[in-house]
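Presented below is the structure to which this report refers.
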Amino acid sequence: MPRRFRLPGMLMGMLSLTLPLAFSAAGPTVDSTSDQSAIQEAARWIGREDNVESEYRYVMTCRLRLLFFWTGKDDVGGGYVRIGKASGDDPEKMIQVLFGSDPSKAPLSINRWGAGTEVLRATGSGQASAFFGFMKSSKGQSVMAMQKELSKEKANGDHLFEGIISRVDEGRALSTTVPFMSSTDFDFRQYAEAERTTLQQLQNNPQRRVRRLDGAAVSACPRVGEFLSTVLQLMDAAVAGRPTPVSLCYIYNARHYTATLTSVNNVEAKTVHVNLHGAGAPLDRTYHHLKEAHFVVQGEETGNKNAFEILLGMQGDLRGAPLQITYQPNFWFQIILNLAQNPPQTAGGT
């Protein structure tokens, strides 16, 4: 029997990869005054106005393998990647991602999305990072389950979100996580309002949980960068032609991870065709002289692995740009994010 196209559950799988929120409460928890002060400081870093230097906007395709061929749905959602600097006394690296379904386009008007922002900065004691993320939660793994979930949300007027702040300093890692209900069903067009609400919940909700690592547990990984900056560094390694594999450790949610650039393939040309909703012309583009970078992220405590691919530009203004992001959790399902904006003519796109 062919597998049902389960867009809701698969969207959440994509979010769990690109926005690794990891809200489970396993492990020791602490809630000291100094830890709360450090988390509040990290929240202030995240809340500052950003100076975006590069922005890449995407359109989402979901694909399902049926025996010997693929079928799928184009333009069911999308998102963006932003890279720049956060304001402050010292230059601060900022990386932000947002991905999810568009309720005006997705089946059943599904509204499932998430966003994450990482800031790297200098402190009085050295280097530090802060990651803020939130996700419109879902437990529906089929169309029927999603219909029931959406109906319940509409009837009760309550919508479940989850948020996290993860901070890593030299010698200490902290995180706080919280689930919360909102009377507003925020979608990705309401990012600023959803961000403010989630930050308030992370600082004030009594249900929040705080985790801490210090001492030898932190010194085992000397890097303060977390998921987003780690992947960005590995992308730079792919563009620079470094021999693979290249592995980097990082700490996120007071847990240890290893991200590996496993291989890089040269791609002479890649043609992209995406049907768009409405009367507009489809997205048709051909890129030349690319690199296809393959990544694996492993949780050291759990052993869980996630693999994904990023197609990188190598010419002109698109050098190092993530032109296509592909996540295939198994042999029969893919989520593909294609760059939606028109590339510069100097980059070899058409």
* Structure fact -> Nearest-0.05 FRET efficiency for Glu53 and Glu300 at R0 = 35 Å, using Cβ-Cβ distance, is 0.60
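Give, as a single signed number, the net charge of other residues whose beta carbon lies under 13 Å from the beta carbon of Gly278, with Lys and Arg counted +1 and Asp and Glu -1. Present the calculation step by step, with values, prior to reporting the outcome.
Numbers: positive: Lys105; negative: Asp74, Asp75, Asp102.
Around Gly278, the surrounding residues sum to -2.
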* Structure fact -> The ³J(HN,Hα) series, computed from each phi in segment 243-259 with the Karplus coefficients 6.51, -1.76 and 1.60 at θ = phi - 60°, rounded to the nearest Hz and given as x for glycine or proline, is x, 9, x, 10, 10, 9, 7, 7, 10, 8, 6, 6, 9, 9, 9, 10, 9
* To do: In nm, give the distance between the simple-model label positions of Val274 and Arg242, each being 7 Å from the Cα along the Cα-to-Cβ direction.
  => 2.9 nm
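Only the coordinates and a few stated rules stand behind these numbers; no lab work does. The shown structure was predicted, so the numbers you read here are calculated from the model rather than taken from an experiment. Please note: Cβ atoms are built from the backbone with ideal geometry, for glycine as well, and neighbour counts cover all protein chains shown.
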